[in-house]
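So the structure is just underneath, and the comments pick up after that.
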Amino acid sequence: MKTALPLNVAKADALLREAAACCLPVCITWQRRGGGVDTGRARLLDIDEDDGGLWITRPAEWRASEVRIPADGRISVSFEYGMKTCQFESRVVKAPIQDDAARKHGPPVKLEWPTEVIEQQRRRFDRVGVPAGCSVPVTVYRLSDGGDTAQSEPLLSGRMLDLSPGGLSMELSADQDLMAQDDDRVICAFATDTGGPRLKVWGRVRHGKRTGRGNLRLGMQFLDLDVGLQGQSNRKNIISLASKFSLM
């Protein structure tokens, strides 16, 4: 699942400049002359400070001739940045065809500075839904004042909706108030086997919202699954439980 979000102008500008400074690889897509779609690979190269253009290496598909360059110059560009995919629409404004032996990838291609950059958040792990007829209670505790143990009284309780090594989502009854805010650090407790001991996993609240039925839906990100023997044990048990869900 991906969540698309247009970046504001300042953030988009900073992102493109940093991506160009790192010469990040990009995937480009364009309408083929005569119909259909073509794709190619290139790298971001530089920013043209004079008119705000963006330079990329010449895609291999364009190096022999300009036959494949889109007639209207319009292309779509995407690249990976951390755990995000960024995409923008642009237009080729300069694509010299003369041979330039000094450049490894041939003469570069200049694009218009994009008017909008879309950012998509990618999950590191696929969530597995809890099968119908299976109920996994989840209890959320606020951290103690010292920040290292759970308070004795539960903060929230509900049922698990989906699970992965990256986190979980849960549903709370409509009569509960959302007693947590985004980025709050909490401890989630749930069992991996019926009647078995409950796992206690450190987490962070990522989002909370009301559903159409009035119930609360809460998204949690796990924080400690790569830390210490206990974290690694929790991770193993969570992967095992998610695998069981996928087979049910």
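The set of residues from the stretch 185-222 being closer than 19 Å to Asp126 by Cβ and of a type in the set (A, V, I, L, M) comprises Val201, Met220. Against the conditions (1) in contact with a helix residue (DSSP H, G or I) (Cβ under 8 Å, 6 or more places away or on another chain); (2) among the hydrophobic types (A, V, I, L, M, F, W, C); (3) surrounded by fewer than 12 Cβ atoms within 10 Å (Cβ to Cβ), Val201 satisfies every one except (3). Restricting to the stretch 1-38, count the residues that are modelled with pLDDT under 85, surrounded by 14 or more Cβ atoms within 10 Å (Cβ to Cβ) and of a type outside the set (A, V, I, L, M). Residues meeting the conditions: 4. Checking each residue in the stretch 111-155 for being touching a strand residue (DSSP E or B) at 6+ places or on another chain (Cβ under 7 Å), part of a loop (DSSP other than H, G, I, E, B) and either loosely packed, with under 12 Cβ neighbours inside 10 Å or at pLDDT 75 or above (or both) picks out Glu112, Trp113, Pro114, Glu116, Asp126, Arg127, Val130, Ser135, Val136.
When the criteria are applied in full, Leu229 fails the requirement of being under 17 Å from Ser135 (Cβ atoms), out of contact with any Cys (no Cβ under 7 Å at 6 or more places or on another chain) and either free of Cβ contacts under 8 Å to residues at least 24 places away in the same chain or in a strand (DSSP E or B) (or both).
The values are calculated or read from the model by the stated rules, or taken from the named source; none is laboratory data. Note that the coordinates shown come from a computational prediction; the quantities given were computed from them, not determined experimentally. We place every Cβ from the backbone using ideal geometry, glycine too, and count neighbours over all the protein chains shown.
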